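All remarks here apply to the structure that follows.
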Amino acid sequence: MQDIAEQLLTDGPDPALIGGRDRATGRIMFPLPADAGRFEPVELPRTGRIWSWTVQRFRPKSPPYTGPEAFEPYAIAYVELPGATIVETRLTGFSFDTLKVGLPCRLVAETFGGRRSYAFAPVESLDD
Amino acid sequence: MTDICILGAGIHPFGRTDGVSGLQQGVFATRQALGDAGVDWADIEIAFGGSSAAGNADIMVNELGLTGLPFINVANGCATGGSALYSAFAAIRAGQADLALAVGFDKHPRGAFDPKPADWGLPDWYGETGLMLTTQFFALKLRRYMEQHGISTTTLGRVAEKAFENGALAPHSWRKSPVDLETILNSQMVNDPLTKFMFCAPAEGAVALVLGTEAKARELGIAPVRLKTATVRTRPPGSFEVFAPSLDIERGPSPTVIASKAAFEAAGLGPADIDVAQLQDTESGAEIMHMAENGFCADGDQEQWLAEGRTRLGGRLPVNTDGGCLACGEPIGASGLRQVYENVIQLRGAAGARQVESARTAYSHVYGAPGISAVTILQR
């Protein structure tokens with residue numbers, strides 16, 4: 001399957017998001033910025049905790065949105081990946097009424113419009 | 001240094017005006033501002049203006065007159081109006097002009113804004129997968145803030161309730177009917193925790209302000225409203241901005257915090273000196289967070305402030321006395337100037353039923369993507 005963007009996440013059965021570490025300051029950003037001289041690619045931690053969340057209750061305008069015409073609300077969050085950065089993401093597998101700040105979650109590859117993208121899914125704890 | 005004054009103010013009513021272009025609304029507001037100041041278009045020495053979706057502001061010379069003046073187009077997202085005013089202020093202070101115009105107008109299609117990722121230096125997938133919505137940013141910033149500082153959804157509802165109450169008293173507002181708290185809290189959820197009535201909507205409208213030196217005010221026989229400062233700041237490291245695929249774990253202040261501090265310093269005033277404030281309220285939570293970011297209360301105190309009605313008309317610090325963005329809608333180019341217009345009307349004592357008694361010092365704050373804040377402090 002094609003990826004929704006190059007250098008977004010690693011290949012293989014247990015992918016990780018690819019961020020960029022500023023060679024001078026150590027600051028990590030996501031996605032990997034184009035400036036290869038300044039930023040080196042780094043694999044981001046696969047697990048983290050919900051830092052903030054909301055539910056998208058109306059269909060975003062197209063363009064730019066390319067999701068299905070038949071709209072289903074979806075949850076999104078910022079997830080804090082310890083020691084790295086806080087990434088914005090769609091959530092998958094969470095029931096909306098259980099969402100709260102601090103819940104543990106894990107990166108999963110998710111198919112979006114026939115291409116490989118990413119989301120975060122619930123986990124029991126951060127040990128697994 | 002000479003004081004810079006607002007000599008004339010004009011507005012085209014906000015909301016929806018079918019059959020009148022954004023540009024025409026800008027011309028309407030400009031003519032009103034010129035009339036208010038008692039000057040002619042030919043007297044204006046420099047102009048700054050902008051719109052986000054209704055064309056180039058300098059096209060207005062076609063209708064206003066080809067006087068040859070320098071007319072600079074401004075584009076700074078939601079802070080466009082604030083940036084136009086800042087530029088006019090700076091031009092007069094630099095001695096480039098004695099009389100300047102700041103104008104903003106807009107006319108947006110219905111529904112949420114639909115920004116293009118490339119315009120914001122972002123990859124296409126960010127928009128394609130449904131992560132690039134301003135409403136999401138507001139909700140995400142707010143959820144975090146509520147969690148950290150104990151803000152309740154009732155307080156969010158109270159902000160909207162106040163906005164519609166005030167809007168009903170302002171001739172230039174869009175929403176003219178009060179909405180009760182229960183209706184606000186129980187209306188359709190848009191981006192949790194924000195319901196339909198807690199969001200402003202893109203709209204139409206125009207505002208123009210004529211600025212001049214103190215000498216010019218005397219010459220025209222105008223009791224001036226002094227623009228003590230117009231301050232603009234972009235984001236510092238660690239701020240939480242709209243359209244951010246990632247945030248630094250180490251958090252920092254917002255552009256509003258640094259703009260506000262700089263503005264108070266420039267004016268030689270503090271939050272306690274302010275009698276009336278217009279704070280960016282693209283949604284209820286924004287007003288809550290901006291109360292603290294602008295230094296008017298500590299984080300979390302908003303809960304008590306709103307419960308006690310301190311920001312309502314008659315309260316200790318009335319906020320968004322014309323209903324703000326919630327009741328006026330948000331024509332991007334005009335919105336920041338509407339706040340200043342409302343403050344001018346308040347300081348002139350001409351605000352009628354929404355008048356803040358003996359208001360002498362007024363504050364305005366507008367925020368725009370991708371992290372810019374503009375603050376003004378006015379004094380009579």
Wholly enclosed helices (runs of 4 or more DSSP H) of region B:20-136 bearing at least 2 residues buried (at least 20 other Cβ atoms within 10 Å of the Cβ): B:22-37, B:80-93, B:124-128
Selected residue [assigned to a strand (DSSP E or B) and more than 11 Å from every other protein chain (Cβ to nearest Cβ)] from A:GLU40, A:GLU69: A:GLU40
Given (1) at the interface with another protein chain (Cβ under 8 Å from one of its Cβ atoms); (2) in contact (Cβ under 8 Å) with a residue 24 or more places away in the chain; (3) touching a Leu at 6+ places or on another chain (Cβ under 6 Å), number of the condition A:THR54 does not satisfy: (2)
Unmet requirement for A:ILE76, which otherwise passes all of (1) at pLDDT 95 or above; (2) surrounded by fewer than 16 Cβ atoms within 10 Å (Cβ to Cβ): (2)
Residues satisfying the stated conditions in region A:1-26, i.e. free of Cβ contacts under 8 Å to residues at least 12 places away in the same chain and either at the interface with another protein chain (Cβ under 10 Å from one of its Cβ atoms) or on the phi < 0 side of the Ramachandran plot (or both): A:GLU6, A:ASP11, A:PRO13, A:THR25
Cβ-Cβ under 9 Å pairs, at least 6 apart or on other chains, region A:74-86 side under 14 Å from B:LEU133 (Cβ atoms) and more than 7 Å from chain B (Cβ to nearest Cβ), far side of a type in the set (D, E, K, R) and part of a loop (DSSP other than H, G, I, E, B): A:ALA75/B:ASP192
Set B:ASN186, B:ASN166, B:ASN191: member being at pLDDT 95 or above and within 8 Å of chain A (Cβ to nearest Cβ): B:ASN191
Selection status of B:PHE240, within 14 Å of chain A (Cβ to nearest Cβ), touching a strand residue (DSSP E or B) at 6+ places or on another chain (Cβ under 7 Å) and modelled with pLDDT under 95: yes
Residue in region B:299-306 that is of a type in the set (Phe, Trp, Tyr), farther than 23 Å from B:GLY352 by Cα, at pLDDT below 95 and not in a strand (DSSP E or B) present: no
Failed item in (1) within 19 Å of the chain's Cα centre (by Cα); (2) over 19 Å from B:THR153 (Cβ atoms); (3) touching a residue at least 60 places away in the same chain (Cβ under 8 Å), with B:VAL257 passing the rest: (3)
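The values are calculated or read from the model by the stated rules, or taken from the named source; none is laboratory data. Every value quoted in this text rests on a predicted model; they were computed, and no experiment measured them. Positions of Cβ are backbone-derived with ideal geometry, glycine not excepted, and every protein chain shown enters the neighbour counts.
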